[in-house]
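Asks: Here it is, the structure, as structure tokens.
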Amino acid sequence: MKTPTADPAEKYLTLPYSRELVPEDDGTWYARIVELSGCMTVGDTPEEALANLDDAMASWIEAKLEAQEEIPEPLASSDFSGKFLVRIPKSLHREVKKAADRDGVSLNQLVTMALARLVGAPTSSR
């Protein structure tokens, strides 16, 4: 009796890839897999966009496997320390510090919130 061969795409479909979900100006939702360049879709609701993204991801992976192209692995949270150095002009540093003081938050908190808004990420994830 022949045992069924596991679908090679299944390995990738279960990996923890980063998903990005962004509202569009027209009311639809854009979704993509961050690590898989070109793997994206839209939907009328966030749920529809994410469901469509699952289908798009399966098709994207199948196409890469058929073409015998490399499929990137997910970015691991452990690959990032949560710290990075940014050099900015003194004048910008001063203005950012003023904004933090006005909002009653630390400089780090203000920059974290601004970066999170920019990329659409929650501010508390580490």
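Asks: Can you tell me which residue among Phe84, Phe80 is surrounded by 10 or more Cβ atoms within 10 Å (Cβ to Cβ) and free of Cβ contacts under 8 Å to residues at least 60 places away in the same chain? I'd like the intermediate steps shown before the answer.
Replies: Details: Phe84 fails: surrounded by 10 or more Cβ atoms within 10 Å (Cβ to Cβ).
Sole residue among the options that is surrounded by 10 or more Cβ atoms within 10 Å (Cβ to Cβ) and free of Cβ contacts under 8 Å to residues at least 60 places away in the same chain: Phe80.
Asks: Right, here's the next one. Within the stretch 39-53, track down each residue that is under 12 Å from Arg19 (Cβ atoms) and out of contact with any helix residue (DSSP H, G or I) (no Cβ under 8 Å at 6 or more places or on another chain).
Replies: Selection gives Pro46, Ala49, Leu50, Ala51, Asn52, Leu53.
Asks: Continuing with this model, one more query. Which ones in the stretch 44-67 are more than 20 Å from Glu24 (Cα to Cα) and in contact with a Cys (Cβ under 6 Å, 6 or more places away or on another chain)?
Replies: Answer for the stretch 44-67, where residues must be more than 20 Å from Glu24 (Cα to Cα) and in contact with a Cys (Cβ under 6 Å, 6 or more places away or on another chain): Met57, Trp60.
Asks: Residue by residue through the stretch 24-38, note down the ones that are exposed (fewer than 13 other Cβ atoms within 10 Å of the Cβ) and either in contact (Cβ under 8 Å) with a residue 60 or more places away in the chain or in contact with a helix residue (DSSP H, G or I) (Cβ under 8 Å, 6 or more places away or on another chain) (or both).
Replies: Scanning the stretch 24-38 gives a single hit, Gly38.
Asks: On the given criteria, is Glu70 exposed (fewer than 14 other Cβ atoms within 10 Å of the Cβ), touching a helix residue (DSSP H, G or I) at 6+ places or on another chain (Cβ under 8 Å) and modelled with pLDDT of 90 or more? Please lay out each step first, then the result.
Replies: Numbers: exposed (fewer than 14 other Cβ atoms within 10 Å of the Cβ): yes; touching a helix residue (DSSP H, G or I) at 6+ places or on another chain (Cβ under 8 Å): yes; modelled with pLDDT of 90 or more: yes.
In short, yes.
Asks: Could you please let me know if Tyr12 is surrounded by 15 or more Cβ atoms within 10 Å (Cβ to Cβ) and more than 23 Å from Glu73 (Cβ to Cβ)?
Replies: No; evaluated as a whole, the condition is false for this residue.
The values are calculated or read from the model by the stated rules, or taken from the named source; none is laboratory data. Owing to the predicted nature of the structure, the values given are computational and were not obtained by experimental measurement. As a convention, Cβ positions derive from the backbone with ideal geometry for all residues, glycine included, and neighbour counts pool all protein chains shown.
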